Amino acid sequence: AGSRSAPARRASVRARAVEAPANLERLRITTPWEDAQITLKEEFGMTEAEIAAAGELSDEDLNEAYETMQLCRDFENECNQAYMAGKIRGFMHLDNGQESIPALLKNAIRKTDLKHSYYRDHCHALACGVDAGAVMAELFGRDGGTCRGTGGSMHVYDMETNFQGGWALVAEQLPYAVGAARSIVLDKHLGTGEAEDRIAIVFVGEGGAQNGRMAECLNAAAKENLPILFLVIDNGRAINTFTKDVAQNQEVFNQGKHYGIPGVLADGQNVQDTLRIGRAAINHVRTKGPAILQVHTFRFNGHSPADPEHERNRKDEKRWGRAAGGP
């Protein structure tokens, strides 16, 4: 149970009436743009003009989103085949089913922004402009990889695009991203000019967001009004544990209330709403201060290709999700 009033909760989250297996552990939600606008006005203090700008999607925006999502899906499928063939070794985590998030990054995150991803990082890197060949070479352990083959799947890093990315330990990336946001504030204070509306963005799972680092970082971000977006990728599982089995409250977008940081939830299976809501949250960070964006997704693959996926009702969920919940 969160602290929001019933009307406000309805403005952010609404259960979707779709036919699903009776034993499904995770239901799809919807976050209609017209409802999300209420949250953006009341909690983010956005003006009508700001909301209208975030909600306006051109044909070019949608084409770019589709191309990004298709690139990510194809890239991850190829990674899976190469892993099964023994060409990629070590740990690897795929992003199938969560492609609306890279679509948002491609649309609204700039090359100069500071990005801190977690271990499921391939598609985030691609969407932020890291060369696909360099990412694949890194996975293959080749010298042409982003870290010359020494980092592998979980450690894609690219200085040119400010992608400071995969972190192998759960929630480890959070304090580093807050430090990066603080560096932006210091650059502004020093008048370097290069920092004007740069932001930091950090990715964390909803399971990782239960980690104590999250509270520490929200406090620091609020205290210093840091330009950082906490992007919470909520696929309902903390590795193979159902998040609802271990988290008293799954509304991570409400974690910032104690610190005065606004948050909003988006249906990650609806790319249009993810783009609109995400762009609004990113604009808030660029112009006002920290925010939380929680994106509700379905992960179509196991935690890694080596995952037998034996958790309860998983196969029924995958079949249903791929048929009815793909972005």
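The values are calculated or read from the model by the stated rules, or taken from the named source; none is laboratory data. Bear in mind the structure is a predicted one, so any value in this text is a computation, not a measurement. Cβ sites come from the backbone with ideal geometry, for glycine too, and all protein chains shown count toward neighbours. Protein only, heavy atoms only, side chains kept; ligands, DNA and RNA dropped before computing areas. Shrake-Rupley method; radii C 1.70, N 1.55, O 1.52, S 1.80 Å.
Test of understanding: among Ala181, Ala200, which residue is modelled with pLDDT of 95 or more, surrounded by 16 or more Cβ atoms within 10 Å (Cβ to Cβ), touching a His at 6+ places or on another chain (Cβ under 8 Å) and farther than 23 Å from Glu67 by Cα?
Ala200
Report, by residue number, each residue of region 11-28 that is open to solvent by 20 Å² or more (accessible area, probe 1.4 Å), touching a Lys or Arg at 6+ places or on another chain (Cβ under 9 Å) and either part of a helix (DSSP H, G or I) or at pLDDT 55 or above (or both).
Residues satisfying the conditions are Ala20, Pro21, Asn23, Glu25, Arg26, Leu27, Arg28.
Residues checked against (1) open to solvent by 40 Å² or more (accessible area, probe 1.4 Å); (2) in contact (Cβ under 8 Å) with a residue 12 or more places away in the chain; (3) in contact with a Phe, Trp or Tyr (Cβ under 8 Å, 6 or more places away or on another chain):
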residue: Pro102; (1), (2), (3): no, yes, no
residue: Thr112; (1), (2), (3): yes, yes, no
residue: Gly144; (1), (2), (3): yes, no, no
residue: Asp158; (1), (2), (3): no, yes, no
residue: Gln173; (1), (2), (3): no, yes, yes
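Can you tell me which residue is farthest from Pro175 (Cα to Cα) among those in region 257-304 that are hydroxyl-bearing (Ser, Thr, Tyr) and in contact with a helix residue (DSSP H, G or I) (Cβ under 6 Å, 6 or more places away or on another chain)?
Only one residue fits best here, namely Thr274.
List the number of the failed condition for Ile233; all other conditions in (1) out of contact with any Leu (no Cβ under 8 Å at 6 or more places or on another chain); (2) open to solvent by 20 Å² or more (accessible area, probe 1.4 Å); (3) closer than 18 Å to Thr31 by Cβ hold.
Answer for Ile233: the failing condition is (2).
Just need a number here: residues in region 236-255 that are crowded, with 24+ Cβ neighbours inside 10 Å and of a type in the set (Phe, Trp, Tyr).
Number satisfying all stated conditions: 1.
Considering Arg276, Arg299, Arg286, which residue is charged (D, E, K, R) and surrounded by fewer than 22 Cβ atoms within 10 Å (Cβ to Cβ)?
Arg286
Tally time: how many residues in region 60-114 are touching an Asp or Glu at 6+ places or on another chain (Cβ under 7 Å) and closer than 20 Å to Gly302 by Cα? Show your work before the answer.
The first filter runs over region 60-114 and keeps only residues touching an Asp or Glu at 6+ places or on another chain (Cβ under 7 Å), leaving 69, 72-73, 76, 94-96, 106-107.
Subset that is closer than 20 Å to Gly302 by Cα: 69, 72-73, 76, 94-96.
Qualifying residue count, region 60-114: 7.
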